[in-house]
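Comments concern the structure below.
Derivation of every value follows stated rules applied to the coordinates shown; laboratory data play no part. Being a predicted model, the structure only gives us computed values, none of them experimental. Counting neighbours? That spans all protein chains shown, and the Cβs are built from the backbone with ideal geometry, glycine included.
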Amino acid sequence: MATLDRDVVIIGAGPTGLTAALELRKAGKSVAVLEARDRVGGRTWTGEVGGATLEIGGQWISPDQTALYSLLEEFGIETYERHKAGASVFVAPDGARTEFTGEDFPVDAATVAEMRRLTAELDVLAAEVDPDRPWEHPRAAELDRISFHHWLRGLSGDEAACDNIGMFIAGGMLTKPAHTFSALQAVLMAASAGAFSHLVDDEFILDRRVVGTMQGVSLAMAERLGDAVHLNNPVLRLEWAADGVTAHGADTTVRARRAILAVPPNLYSRISYEPCLPRRQQVAHQHQSMGLVIKVHAVYPTPFWRDKGLSGTCFGPGALVQEVYDNTFHGDSRGTLVGFVSDVKADGLFALDAEERRARVLASIAGFLGDEALNPDVYYESDFGSEEWTRGAYATSYDLGGLLRFGPGQTDPVGALHFASSDLAGAGYQHVDGAVRMGRRAAARIVAELDGGAYDASYDGAAPAFGLKPAGA
């Protein structure tokens, strides 16, 4: 068992933890990163399956994600545009299939008008909300006590419009049924992306990808950090006080002046704390939970849909696979589709054996793009719900009333402990951009504490807090 003395110990080697470690090093602080897995990247993860490169975890970048872009620039990492050319496909709840172009789903005019009205309503609220402090909105209490499902239906009697709008946040982002989270949580999701209009615009929110894969960003950071990153070291016991911590990993113990828990909140309880965390923290963490989604990858000899004039972008609010996109990897001559099965539909699929699950998923994709989709060369299901150190996807969200009750204190330090992850971000919430922001903000706050300086609470992490300087140990 190795014992290290460092300024800061960071628990978790995902984008948040690695970004924090880099920033602390730039400020001349010594760091150690303890990671439970045998890899870095957290919820960004790349796999080679059947000779195909698959982004098992998070992968897309939108134009507003300036923190992530600044990190890519720092490392000289390039991006490429997702394939978008061609018509999209919509499958209605009754099974009717329509190819379409433009922003509006091919539904009746009254439903289109209602969808536009609901989008405008959400855009107004999103513009009024500070994503770092949504609980300060004048209507926060009202919005946090009603589910997103019921809030939409209080605004509109058009069930199809409500289902279509709800899909983008419920199945598409929080991966929970819309009746299980509040309207305030939904507005936060919209505000975190700049507008609800951005969430419904796949050409914006799913704009670009990383040439070397999104996990490659974490790999580049880990390479720069070198032997400061300790894999296969889950922290199951953490001793803490106001002035220091001792983090016990599997084969490495770190004594430090501060600690950053750079893991999702649903994993905080995986650690035994000595002494116990304050009661409010203990209770608050029980009100944040992961959603559930199956990310399905299917690789074909060619991107056959493009020959049909299709983009590969498909939507089906009532379909088993409710979203499909062209996910062909940079430089690959083959064609890759990615589809998503969320929340209760994922529950149903996981009750089936692997062969039946595959058959039903591919049949759903074929309902959008034709029978050529039934026989991929490679088929793979990303399942973070069964992954020990994640336990769901894409990120945690609060249950009804939890955001207003517990959100204001979610990033407050407890003694020497700091909390940071994309789950706690305002701008960039749930995304790698939010992870970068939170890593930078936690690092800046700790540097201010250790150096006796003032912490700038307005710092948003969109750009690095510290310039390059000789790295600490």
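Please list, or write none, the lysines whose alpha carbon is within less than 26 Å of the alpha carbon of LYS308, excluding same-chain residues fewer than 8 places away. The qualifying lysines are LYS84, LYS295. Of the GluC sites (Glu not before Pro) found in region 324-423, those that fall in a DSSP loop while having at most 12 other beta-carbon atoms within 10 Å are GLU388.
Count Lys and Arg as plus one, Asp and Glu as minus one, and take only other residues whose Cβ is under 10 Å from that of ALA420; the net charge is then +3. Approximating the spin labels as points 7 Å out from Cα along Cα→Cβ, the LEU352-to-GLU99 distance works out to 2.7 nm. Counted residue by residue at 0.36 nm each, then reduced by the alpha carbon distance between them, the extension gain from ASP201 to ARG280 reaches 24.6 nm. Assuming R0 = 45 Å, can you tell me the calculated FRET efficiency for the pair ALA110 and LEU374, based on Cβ-Cβ distance, to the nearest 0.05? The value I calculate is 0.80. Taking region 80-174, which GluC sites (Glu not before Pro) meet the DSSP loop condition and have no more than 15 other C-beta atoms within 10 Å? Passing both the DSSP loop test and the Cβ count: GLU103.
The angle between the Cα long axis of helix 183-192 and the longest principal axis of the Cα atoms of the chain comes to about 80 degrees, rounded to the nearest 10. Summing +1 for each Lys or Arg and -1 for each Asp or Glu among the other residues whose beta-carbon sits under 9 angstrom from that of PHE384 gives +1.
Compared with the dominant principal axis of the Cα atoms in the chain, helix 432-451 is inclined by about 10°.
Spatial offset of region 6-42 relative to region 372-441 amounts to 17 Å, using the alpha carbon center of each. The calculated FRET efficiency for HIS150 paired with THR3, based on their beta-carbon distance and R0 = 56 Å, is about 0.55. Counting Lys +1, Arg +1, Asp -1, Glu -1, what net charge surrounds PHE304 among other residues with beta carbon under 13 Å of its beta carbon? So the surrounding residues net to -2.
Considering only ALA96, SER397, PHE368, and ranking their Cα positions along the charge dipole of the chain that arises from unit charges at the beta-carbon of Lys, Arg, Asp and Glu, the one farthest toward the positive end is SER397. Note on region 111-186 and region 202-235: Cα centroid distance 32 Å, given to the nearest whole angstrom.
What is the angle, in °, between the Cα long axis of helix 66-75 and the longest principal axis of the Cα atoms in the chain? Nearest 10 is fine, range 0 to 90. Helix 66-75 and the main axis of the chain meet at about 70 degrees. Applying 1/(1 + (r/R0)^6) with R0 = 25 Å to the Cβ-Cβ distance of ALA242 and GLU388 gives a FRET efficiency near 0.20. Couplings for region 221-230, taken from phi via the Karplus curve 6.51 cos²θ - 1.76 cosθ + 1.60 with θ = phi - 60°, read 5, 5, 4, 5, 7, x, 6, 6, 9, 10 Hz in order; Gly and Pro are left as x.
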